[in-house]
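Structure record follows, encoded as structure tokens.
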Amino acid sequence: QVQLVESGGGLVQAGGSLRLSCAASGRTFSIWRLAWFRQAPGKEREFVAAARWSGGSTYYASSVKGRFTISRDNAENTVYLQMNSLKPEDTALYYCTADTTGTGVWSPSGYDYWGQGTQVTVSS
């Protein structure tokens, strides 16, 4: 089992920044990749960014590339999502998720464990 706890969401004006954190615990040695997804009301959950737990490859949705940065601190078992130049369309519940089988990148079905989510609201 892997437990994930997100933090750092909040209300910010358009153009502002937020940094989300995701603390992993439990069988962290089994994590292959950590990712962030988001879901706005009435919409499907969508991929935001992902990073290999061991380092190296990172992946971004085209809608956030150049504005968001995913990073990790293995010593602290934490992954971060730095979000800059936020837009109202970034408003959503942001979820941290872990892939322990190496099969997931873009689809929610490729991930095994999910946090409860942290709300990000961007006002215009």
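In the full protein context, the stretch 62-109 carries 48 Å² of accessible surface per residue, based on a 1.4 Å probe and ignoring ligands, DNA and RNA. Across the stretch 91-107, rounded Karplus estimates of 3J(HN,Hα) from the backbone phi angles (6.51 cos²θ - 1.76 cosθ + 1.60, θ = phi - 60°) give 4, 4, 8, 9, 10, 9, 8, 10, 10, 10, 10, x, 9, x, 9, 8, 9 Hz, Gly and Pro being marked x.
For the chain, the Cβ-based charge dipole about the Cα centre amounts to some 180 debye (Lys, Arg positive; Asp, Glu negative; other atoms uncharged). Projecting the Cα atoms of 84, 28, 108 onto the dipole axis of the chain, where Lys and Arg carry +1 and Asp and Glu carry -1 at the beta carbon, places 84 farthest toward the positive end. Amide H to amide H, with H built 1.01 Å from N, residue 3 comes under 5 Å of 25, 26, 27, counting only residues 5 or more places away or on other chains. Just the number please: accessible area per residue for the stretch 1-51, 1.4 Å probe, all protein chains included, in Å². Using a 1.4 Å probe on heavy atoms only, each residue of the stretch 1-51 averages 51 Å².
Rg and Dmax of the stretch 7-54, based on Cα coordinates, read 13.5, 38 Å.
Of all GluC sites (Glu not before Pro) in the stretch 1-103, which ones are in loop regions per DSSP and have a Cβ with at most 12 other Cβ atoms within 10 Å?
Numbers: sites: 6, 44, 46, 76, 89; in loops: 44.
Loop-located and lightly packed - 44.
In a DSSP loop and with at most 13 other Cβ atoms within 10 Å, the chymotrypsin sites (Phe, Trp or Tyr not before Pro) in the stretch 42-124 are 106.
Mean-square fluctuations from a GNM of the chain, with a 10 angstrom spring cutoff on Cα atoms, peak among 26, 104, 42 at 42. The HN-Hα couplings worked out from phi for the stretch 108-124 by the Karplus form 6.51 cos²θ - 1.76 cosθ + 1.60 (θ = phi - 60°) are x, 5, x, 10, 9, 10, 10, x, 7, x, 9, 7, 10, 10, 10, 8, 8 Hz, whole numbers, x standing for Gly and Pro.
Normalised by 2.2 N^0.38 Å, where N is the number of residues, the alpha-carbon radius of gyration of the chain equals 0.97.
Share of the chain's accessible area from carbon and sulfur, percent, 1.4 Å?
Values: 2880 of 6170 Å².
C and S fraction of accessible area: 47 percent.
The orientation-averaged shadow of the Cα convex hull for the stretch 75-124, equal to a quarter of the hull surface, comes to 4.7 nm².
The values are calculated or read from the model by the stated rules, or taken from the named source; none is laboratory data. A quick note: this is a predicted structure, and the numbers were derived from the prediction, not measured. For neighbour counting, all protein chains shown are included, and Cβ atoms are generated from backbone atoms with ideal geometry for every residue, glycine included. What goes into the accessible areas is simple: the full protein's heavy atoms, side chains included, and nothing from ligands, DNA or RNA. Shrake-Rupley method; radii C 1.70, N 1.55, O 1.52, S 1.80 Å.
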